[in-house]
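The values are calculated or read from the model by the stated rules, or taken from the named source; none is laboratory data. Treat the numbers as computed from the prediction; the structure is a model and nothing was measured. Note: ideal-geometry Cβ built from the backbone for every residue, glycine included; neighbour counts use all protein chains shown. Surface areas here come from the heavy atoms of the whole protein model, side chains and all, with no ligands, DNA or RNA. Shrake-Rupley method; radii C 1.70, N 1.55, O 1.52, S 1.80 Å.
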Amino acid sequence: MPIHHVDLSDQSSLLDIYATKASQDSLPKYKLPKGRTEPRAAYALVRDELMLDGNSRQNLATFCTTWVEDEVKQLMADAVDKNMIDKDEYPQTAEIENRCVHILADLWNAEKSRETVGCSTTGSSEAAMLGGLAFKWQWRKRREAEGKDASKPNIVTGPVQICWKKFARYFDVEIREVPLEGDALGITPEDLRAHCDENTIGVVATLGVTFTGIYEPVEALAKELDAIQKDLGFDIPIHVDAASGGFIAPFIQRDLVWDFRIKRVRSINASGHKYGLAPLGVGWVIWSSKEDLPEDLIFHVDYLGGDMPTFALNFSRPGGEIIAQYYNFLRLGHDGYTAVQQACSDTAKWLGVELAKLGPFEMVYDGIGGLPAVAYKLTDTDHGFTLYDLSERVRMRGWQIASYPLPSNRQDTVVQRILIRHGVSRDLAELLLDDIIRAIDHLKKNPVPNSVAKPSFHHA
Ligand SMILES: *Cc1c(COP(=O)(O)O)cnc(C)c1O
């Protein structure tokens, strides 16, 4: 066909995206559109909507990875077709997952790290469910073998992340979340005796409590459980929810004993997509030994001609995050993780010192001994504004900083928390500090008569 016979009005690929028909209509919200949209235009229009999400690098409320190297983006794109459950079709992705399990088991000092079991998950939530289920099964087996009632399991925790409440509700376990007494920010050994009994399937200790960033004292909790076993006969295992701390403590708090070196610690979870530095969508759960994961929780699926043992709540799941996790292990090594986490920790401590100088704040967690984070409250005097007002004010500059009440019994204390992650340089933290100072100045000059209502913040 001669070129002058082609109707150019159809050739939307020649048009400027914002002159295509698609860009002149509102996008579909309730119904699948009838027709097609040219890919460049569809991409631009969807991407434009995402501008309203805010800049994740300035989101200092999240623990999750918001900065990755270009190579990680490349690997994620390379792996877009890989389903990690198809171990037969993608055996090397399965091998890479396995390597990560054993690397983590070794990092967390499992006695036989090459033989122990574990798996990747979608995040720490799924990992917590699996850890909790293993405890429930082990406890029930023990009770039934003793001919005792196995209908009232409970799990004892400090101020836990919401995933443990989900575990308890979905899997019919009573959760005994120990209330915070006095100045406590986590569970203490003294709390255990009053809350544990013969139906306690396990104690959850958090390494990096969501609300403040502190570590619960795993070793001291284990010692008290030893004493409880001696006095009362209950042999209660510990699961460490190391969602964040599992990738911090081994690098910058090496003297802290919190992991499988403690015999009572039978399983540990961590989020690869938090301080593991992998992109969103990967968590890990590792058991101290094979014997800690009950065989009857493992499904052996005859799949594509092979036997595939699986223990997971999901089936199909992307493989890219796992591959990116392995890339990070290779790319950074022990030295690299140490350098990254130490830089974050140093910046958090610096920010803590600077914030404390400003006057209105009292530090609740100063960044020392736990996660690279700070948490603080307003001093008792009337400031004419609340932390919620301050969060809202700095949001005008794009910063997202969480304010929320502590869990019971300390709901009267509202705290603000800033997380320092990979990609938050000292300079960026200085810019934030300047904006906080400006915001406080503004709020002092313009007291807020009706402070913003308590927004609900979901910890992630
Ligand atoms: C974030 C977090 C979780 C949940 O992890 P996801 O990876 O978001 O599912 C569980 N426990 C703690 C302590 C956390 O910080």
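Observations, loosely collected:
- Residue identified as of a type in the set (A, V, I, L, M), away from the ligand (no atom under 16 Å from the Cβ) and open to solvent by less than 20 Å² (accessible area, probe 1.4 Å) among ILE286, ILE262: ILE262
- Residue match in the range 289-303 (condition: in contact (Cβ under 8 Å) with a residue 12 or more places away in the chain, in contact with a Lys or Arg (Cβ under 9 Å, 6 or more places away or on another chain) and within 16 Å of the ligand (Cβ to nearest atom)): no
- Tally, over the range 142-170, of residues that are within 16 Å of the ligand (Cβ to nearest atom) and open to solvent by 50 Å² or more (accessible area, probe 1.4 Å): 5
- Any hit, the range 266-276, residues being more than 16 Å from the ligand (Cβ to nearest atom), open to solvent by 10 Å² or more (accessible area, probe 1.4 Å) and among the charged types (D, E, K, R): yes
- Tallying residues that are under 19 Å from the mean Cα position of the chain (by Cα) and open to solvent by 50 Å² or more (accessible area, probe 1.4 Å) within the range 118-141 yields 2.
- When the range 414-450 is filtered for residues that are surrounded by 14 or more Cβ atoms within 10 Å (Cβ to Cβ) and modelled with pLDDT under 95, only VAL448 remains.
- All positions within the range 344-368 that are under 22 Å from the mean Cα position of the chain (by Cα) and either open to solvent by 50 Å² or more (accessible area, probe 1.4 Å) or modelled with pLDDT under 95 (or both): ASP346, LYS349, ASP366, ILE368
- Residue list for the range 237-258, filter: open to solvent by less than 10 Å² (accessible area, probe 1.4 Å) and farther than 26 Å from LEU419 by Cα: ILE238
- Residue count for the range 184-236 under the criterion of being open to solvent by 20 Å² or more (accessible area, probe 1.4 Å) and either within 13 Å of the ligand (Cβ to nearest atom) or not acidic (Asp, Glu) (or both): the result is 20.
- Any hit, the range 229-246, residues being in contact with a Cys (Cβ under 7 Å, 6 or more places away or on another chain), in contact (Cβ under 8 Å) with a residue 24 or more places away in the chain and more than 25 Å from TYR327 (Cβ to Cβ): yes
- Candidates ILE368, ILE418, ILE436, filtered to the one that is out of contact with any Pro (no Cβ under 9 Å at 6 or more places or on another chain), under 30 Å from LEU180 (Cα atoms) and assigned to a helix (DSSP H, G or I): ILE436
- Residue count for the range 289-300, restricted to those that are out of contact with any Phe, Trp or Tyr (no Cβ under 8 Å at 6 or more places or on another chain) and surrounded by 14 or more Cβ atoms within 10 Å (Cβ to Cβ): 2
- The residues of the range 290-336 that are among the polar types (S, T, N, Q) and at pLDDT below 95, listed by number, are THR310, ASN314, SER316.
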